[in-house]
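For reference, the structure discussed in these notes is given below.
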Amino acid sequence: MAGGSRSSNTLVVPGAKQALEQLKFEAAQELGVQIPADGYYGNVATRDAGSLGGYITKRLVQIAEQQLSGGQFR
């Protein structure tokens, strides 16, 4: 962000980090992607990282759509 004081990765909802981490681990387990214990993703295949990111995004959109429609998310 040019000239901005806030990074685009800054979470605006308190507690969201823990929920996103949980979602990441659930997605990785479902897709069979191994999450590195040290947090370094340099050795993760690009295809696996992309699948994980895409799956997480898909789930976040589903959750948002359900909340907007008044439904419960699972």
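What follows draws every value from the coordinates through simple rules; no lab data is involved. Note that the structure is predicted; figures quoted are calculated from it, not measured.
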Task: Over the chain: helical MRE at 222 nm, DSSP H runs n ≥ 4 each giving -39500 (n - 2.57), nearest 500 - done: -18000 deg cm²/dmol
Open item on the list: For the chain, take N as its residue count and report Rg(C-alpha) divided by 2.2 N^0.38 Å.
Closed with: 1.29
Open item on the list: From Cα pairs below 8 angstrom and at least 6 apart in sequence, can you work out the relative contact order of the chain, rounded to a whole percent?
Closed with: 21
TODO: For the range 14-27, take each phi angle, set θ = phi - 60°, evaluate the Karplus expression 6.51 cos²θ - 1.76 cosθ + 1.60, and give the result in whole Hz per residue in order, putting x for glycine and proline.
DONE: x, x, 5, 4, 5, 5, 5, 4, 4, 4, 4, 5, 5, 5
